[in-house]
1. I'd like the Karplus ³J(HN,Hα) series for the range 355-368: coefficients 6.51, -1.76, 1.60, θ = phi - 60°, whole numbers in Hz, and an x wherever there's a Gly or Pro.
2. Using the Cβ atoms and a cut-off under 11 Å, what net charge is assigned to the surroundings of P136, where Lys and Arg are +1 and Asp and Glu are -1?
3. In the neighborhood of S111, defined by Cβ-to-Cβ distances under 14 Å, what is the net charge if each Lys or Arg adds +1 and each Asp or Glu adds -1?
4. Over the heavy atoms of E353, what accessible area does a 1.4 Å probe trace out, to the nearest 10 Å²?
5. So what's the back-of-envelope 222 nm ellipticity for the chain, counting only DSSP H runs of four-plus at -39500 (n - 2.57) apiece and dividing by all residues, rounded to 500?
6. I'd like the distance separating the alpha-carbon centroids of the range 1-42 and the range 379-429, in whole Å.
7. As a test, work out the antiparallel percent of DSSP beta bridges whose residues both lie in the chain, rounded to the nearest 5.
8. Going through the range 285-330, which trypsin sites (Lys or Arg not before Pro) have at most 14 other Cβ atoms within 10 Å and a DSSP loop state?
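The values are calculated or read from the model by the stated rules, or taken from the named source; none is laboratory data. None of these values were measured; they are calculated from a predicted model. Here the Cβ is made from the backbone with ideal geometry for all residues, glycine too, and neighbour counts use every protein chain on show. Side chains included, ligands, DNA and RNA excluded: accessible areas come from the protein's heavy atoms. Shrake-Rupley method; radii C 1.70, N 1.55, O 1.52, S 1.80 Å.
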Amino acid sequence: MTRSDSFINWFRSAAPYINAFRDRTFVIAFGGEVVADGKFIALTHDLNLLESLGVRLVLVHGARPQTEARLNAKGVQPHYVNGTRVTDALALGCVIEAAATLGFEIEALLSMGVANSPMAGSSIRVASGNFVTARPIGVVDGIDFQHTGLVRKIDAEGIRRRLDDEEIVLLPPLGYSPTGEIFNLTVEEVATATALALNAEKLIFLTDTPGVINSRGQTISELTAQEADELLKSGQPQPEDVAYYLPCAVRACRGNVPRVHLITRHVDGALIQELFTREGIGTMVARDTHDVLRQATLDDVPGILALIEPLEADGVLVKRNRTLLETEIDRFSVLIHEKRVIGCVALYPFPGEHAGELACLAITPEFRNSGRGDHLLRRVEERARQQDIRELFLLSTRTGQWFAERGFQETAIDRLPQAKQALYNFQRRSKVFVKKIPDNIPHKVNT
Ligand code: ARG
């Protein structure tokens, strides 16, 4: 593929997202670190880009390192209980100072019309205000959290009006009470409550690490709210900020936010990659679908047969009879919709070669083009990773294009594992495709 081909392919594949995101609300949350590290300038360009595509943006910032610095300067030890600051009067003063300063800094950066930048000449209007009403956490397990609060109400109507006027709304980690008090809130609390109140399309957290990790320390690309909840209950340690954000992701999905994303703040353009590619870069937590994707059992055999027989008749899939299917059922995953098998896929490992064959990927006609094929593909990739499979290959006569768009490359027959080459059916003249399974580098975990 030439460079311009791949650009054109990429642009075409991004178009549906561009279309889907117009006039939708995204709530983007980030800790004060993003500004402290000087990373906000790059982010500004991407926010500007989103804004120019008609995305309605609400930014929520934290102020922890800046608050800490102020407390340190006063020689005070910060006081946290389970990750939540106990805010006494002195700490509240520091939080307010830190948040105010940061707010101005962020506004300044968003106002910057950098000549020579991709977005030179465009301007962003920023709105802030008393959109968040808070209440005190109070005394929990004998600890008085004092000025630390929780969100009581978000003025969704007020925020919507600002967004209607094409402004970006910037929210600090603070809220006010009806009696005029100021409360210190966490960035994730404000962001989650705001996304829920606005019926946001997305809630996005910028994180210090690549995303949510599995027991092998690998980044999980996608999981449902249900799976995320189970992961949390399993006690699997997560990087510190992910540990704060993931429960919020579950809460948002269980409300009405369809997708929550956790994306590294350390990779330039990560936001764009996550939003405009199918596979993204970080972790996406999606509201539970009605579909269930699970390991196939013998009871699924009739359903799988009904699904693949028309495709076999068409010559798209190789013929598999009932007995073969029954013996190989452990290799299959099925996608169930309203108790019916609407999709299947199989993975045949070749452990000696650290390779695996993806086979028999099928979706019922009425459910095609709904992203379910991608769902099955991701499942296989995830399973492959768990089984230490580094290369996924497949044979295809007609569906090569679909796989090529998803990172598979055509290759020669002799690249197949030996055992598979022996079985290659020269009459069928299938093309061979291969994809490397990125071996995620495990990263440091703070427990
Ligand atoms: N670009 C799509 C979206 O924004 C899909 C992102 C998938 N991300 C992932 N980490 N699996 O909804």
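1. Karplus values, whole Hz, x for Gly and Pro: 10, x, 9, 8, 9, 6, 7, 9, 10, 4, x, 5, 9, 6.
2. 0
3. -3
4. 90 Å²
5. Theoretical 222 nm ellipticity from helices: -11500 deg cm²/dmol.
6. 30 Å
7. Here the share of antiparallel DSSP bridges comes out near 60 percent.
8. When the trypsin sites (Lys or Arg not before Pro) of the range 285-330 are filtered for loop state and at most 14 Cβ neighbours within 10 Å, K319 remain.
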